[in-house]
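Taking it in order: structure first as structure tokens, then the write-up.
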Amino acid sequence: MKTVKLFILSMVVLIGFASCSSDDDNGPVVQNYAATLNQLNNSGASGTASISVDMNTITVKIEATGMVPSKLHPQHIHGKDDGSNATCPPASADTDGDGIITIPEGAPFYGAVLLPLEDFPTADANGKISFTKTFTLGENGVLTADALGALEDRSIVLHGLNNDGSYVATIPVACGQITKI
Ligand SMILES: [Cu+2]
């Protein structure tokens, strides 16, 4: 009887140890980031983005309103080749003075497309977008973690604006610098 009790006791202790060590093996803590998306080109669009990174997976959530209703809105994480901080373009970025900051006019500020946040969402009838997607870095054409670099040096840009009566999917409508939280 005593042996059985001792055996059970030692099993409980062992199981306790096992669950402790598996907790310790869970790897790096998930890192969280956020961005406040402010309008560009007087679009009236705004929103928030949250990003969590766990090892080589990155989950991006975007909530935005004021988008052109029922239209497909391209959206990307943008960044500069040299890794310097990607920012959102000021009004003065409209170098040709036509009243619209185009993708190339904004590029000196937010850089090139690093990660297309596909599938691009279609805004609902009220101009709302709700997007969540998890990407695996370095797989299926998704850039590597090294190429993505430090997220706090990157920006998120949403696109798609009515201009002169027609929808132009490329025009930036909202932008936010990513910060670590
Ligand atoms: Cu973009």
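Things to note:
- Cβ-Cβ FRET estimate between Ile181 and Asp81, R0 fixed at 35 Å, reported to 0.05: 0.85
- Spin-label model, Ala125 to Ala150: label points 7 Å out along the Cα-to-beta-carbon direction sit 4.7 nm apart.
- Among the GluC sites (Glu not before Pro) in the stretch 88-181, those located in a DSSP loop and surrounded by at most 15 other Cβ atoms within 10 Å of their own Cβ are Glu118, Glu139.
- Protein accessible area in the stretch 29-180, 1.4 Å probe - carbon and sulfur %: 50
- Gap separating the Cα centres of the stretch 116-181 and the stretch 35-54, nearest whole Å: 9
- Backbone N atoms of the stretch 133-150 closer than 15 Å to the 7 Å Cα→Cβ label point of Asn56 belong to residues 135-149.
- Average accessible surface for the stretch 29-180: 47 Å² per residue, computed with a 1.4 Å probe over protein heavy atoms with every protein chain in place.
- Amide N of the stretch 152-181 lying under 12 Å from the label point, which is placed 7 angstrom from the Cα of Gln31 along Cα→Cβ: 152-154, 179-181
- Only Cα pairs under 8 Å and 6+ residues apart enter the sum, and on that basis the relative contact order of the stretch 29-180 stands at 34 percent.
The values are calculated or read from the model by the stated rules, or taken from the named source; none is laboratory data. Worth saying up front: this structure is predicted, and the values here are computed from it rather than measured. For neighbour counting, all protein chains shown are included, and Cβ atoms are generated from backbone atoms with ideal geometry for every residue, glycine included. To get the accessible areas, we keep the full protein, side chains included, count just its heavy atoms, and leave off ligands, DNA and RNA. Shrake-Rupley method; radii C 1.70, N 1.55, O 1.52, S 1.80 Å.
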